[in-house]
Amino acid sequence: MKTVIYYFSGTGNSLAVAKKIAEALGDCTVVPIASLKDTPGVITPAAERVGIVCPVYFSGLPLMVAKFAGRVNFSHCRYTFAVVTLGGSGGGPTLSQIDSLIEKCHGRGLDAGFFVKMPGNYILMYSSPSGKQKADLLASADRQIAKIIPVIERCEHRDVPLAIYSKLLHYVAYPWFTSHARNNAQKFTVTSACTSCGTCVKVCPADNIDLVEGRPVWKDRCEVCCGCIHLCPAGAIQAGRRTAKRQRYRNPSVSITELEGQHGKRP
Ligand SMILES: Cc1cc2nc3c(=O)[nH]c(=O)nc-3n(C[C@H](O)[C@H](O)[C@H](O)COP(=O)(O)O)c2cc1C
C-alpha cells in the first residue's frame, strides 16, 4: 500500500520517527511540510495511507503544521495516522488538534494517533538531555516506535489518548504560544563565534533567517523550532543569557544536511 508521511522537525526527532516508520512500511514517501508552505490550495496526497509526524509545542501543533492540517484532503485515504514527538506531556491535545483540523477540512479525521517521548529541545526553557539520559530516552523511543509500526502496517484503529492535565495546558499555554511565536526570534542573538557558515539559514524550516554581512538576521515568521540555536556548529546563537550553558541537541539518526532539506529549495 502506497504511503505518504508529512513531517515537520526542528532538531530531528520527528524526522527520525518518520524515517523509521517509512523504512519499515516500504513504498513510502516522506515529505517535509516546510516544502509545501508556500504552495497554494488544497493538498491531496496520492496515497492510500497517509501520516503526519511532528513535535508538540505548548501542548499543541507547530503553527506551520496547524496551517498544513487545515488544507489537506485525506477524504479518499484508506488509513490516516499521526505521531507526535514530545519531551514530556501534551501529546493527547496535539493529536486531537490534528484530528479536528483535518476532519473540518474534508470530513475525514484520524484513524490512529500516537505519541513518542524523546529528548526535549525547548532550549529557551531548559537544557536538552545529554549522555546516558539522552541515550536512554532514545532507546526507549525506539521501543515505542517498534510498537507503533505494526499498528500502522495493519491499518488498525487507535483512539487519541486525552489526559485532562495536558488538555488544560492546551487551553492555557497554547494560545499564549500562538500569539507570541512569530516574534520569538527577536530573542535570538549571535556572538563573535559566528563563522558565517549559513547553517542557521539553511536549517530554518520557516525561511526566517537571512545572512546580512555574514551574520544571521531573524525575520518575523519564527516557528520556535529552535533548530538555528541547536544546530549552529559554532554554538554562536543564544537567546538571552541562560542559553550559553545549556546543552545543544540534534537527533543522532538525522544529519544537518537532512534537516536543511526541509525547504524543498535551498536558499
Ligand atoms: C517551542 C517548543 C515548545 C515545546 N513544547 C512542548 C510541550 O508542550 N510538551 C512537550 O512534551 N515537549 C515540548 N517541546 C519539546 C519537543 O516537542 C520535543 O523535543 C520534540 O521531540 C522535538 O522534535 P523535533 O526534534 O522534531 O523538532 C517543545 C519544544 C519547543 C521547541
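The values are calculated or read from the model by the stated rules, or taken from the named source; none is laboratory data. Bear in mind the structure is a predicted one, so any value in this text is a computation, not a measurement. Neighbour counts run over all protein chains shown; Cβ positions are idealised from the backbone, glycine included.
Details
- Screening the range 222-236 for residues that are over 10 Å from Val203 (Cα atoms) and away from the ligand (no atom under 11 Å from the Cβ) and picking the one that is surrounded by the fewest Cβ atoms within 10 Å (Cβ to Cβ) gives Pro233.
- Hey, Lys147 in contact (Cβ under 8 Å) with a residue 60 or more places away in the chain and assigned to a helix (DSSP H, G or I) or not: no
- Where a residue in the range 225-237 is at pLDDT 95 or above and its partner, wherever it lies, is within 11 Å of the ligand (Cβ to nearest atom) and among the basic types (Lys, Arg), with Cβ under 8 Å and at least six apart: His230/Arg250; Leu231/Arg250
- Among the numbered conditions (1) in contact with a helix residue (DSSP H, G or I) (Cβ under 8 Å, 6 or more places away or on another chain); (2) assigned to a loop (DSSP other than H, G, I, E, B), the only one that Gly88 does not meet is (1).
- Any hit, the range 31-40, residues being of a type in the set (Ser, Thr, Tyr) and not in a loop (DSSP other than H, G, I, E, B): yes
- When the range 84-142 is filtered for residues that are within 11 Å of the ligand (Cβ to nearest atom) and β-branched (Val, Ile, Thr), the ones remaining, listed by number, are Val84, Thr85, Thr94, Val116, Ile123.
- Residue in the range 202-221 that is nearest to the ligand (Cβ to nearest atom), counting only those that are over 20 Å from Arg248 (Cα atoms) and among the β-branched types (Val, Ile, Thr): Val217
- Single match in Lys167, Lys132, Lys187 (criterion: in the same structural domain as Ser96 (by TED's automatic domain parsing), at pLDDT below 95, out of contact with any Ser or Thr (no Cβ under 6 Å at 6 or more places or on another chain) and charged (D, E, K, R)): Lys167
- Residues that are surrounded by fewer than 24 Cβ atoms within 10 Å (Cβ to Cβ), closer than 12 Å to Ala82 by Cα and within 13 Å of the ligand (Cβ to nearest atom) within the range 1-22 are absent altogether.
- Subset tally (residues that are part of a loop (DSSP other than H, G, I, E, B) and either more than 16 Å from Ala34 (Cα to Cα) or modelled with pLDDT under 95 (or both)) for the range 190-206: 8
- Here Ala46, Ala18, Ala66, Ala82 are screened, and the one residue that is among the hydrophobic types (A, V, I, L, M, F, W, C) and assigned to a loop (DSSP other than H, G, I, E, B) is Ala46.
- Close pairs from the range 158-181: first at negative phi, partner in a loop (DSSP other than H, G, I, E, B) and away from the ligand (no atom under 11 Å from the Cβ), Cβ under 7 Å, at least 6 apart: Val160/Leu110
- The residue that is modelled with the highest pLDDT, counting only those in the range 150-161 that are in contact with a Gly (Cβ under 9 Å, 6 or more places away or on another chain), surrounded by 15 or more Cβ atoms within 10 Å (Cβ to Cβ) and outside any helix (DSSP H, G or I), is Arg158.
- Test: residue in the range 109-118 that is assigned to a loop (DSSP other than H, G, I, E, B), of a type in the set (D, E, K, R) and in the same structural domain as Thr11 (by TED's automatic domain parsing): yes
- Residues being small (Gly, Ala, Ser) and under 19 Å from the mean Cα position of the chain (by Cα) - total across the range 215-267: 5
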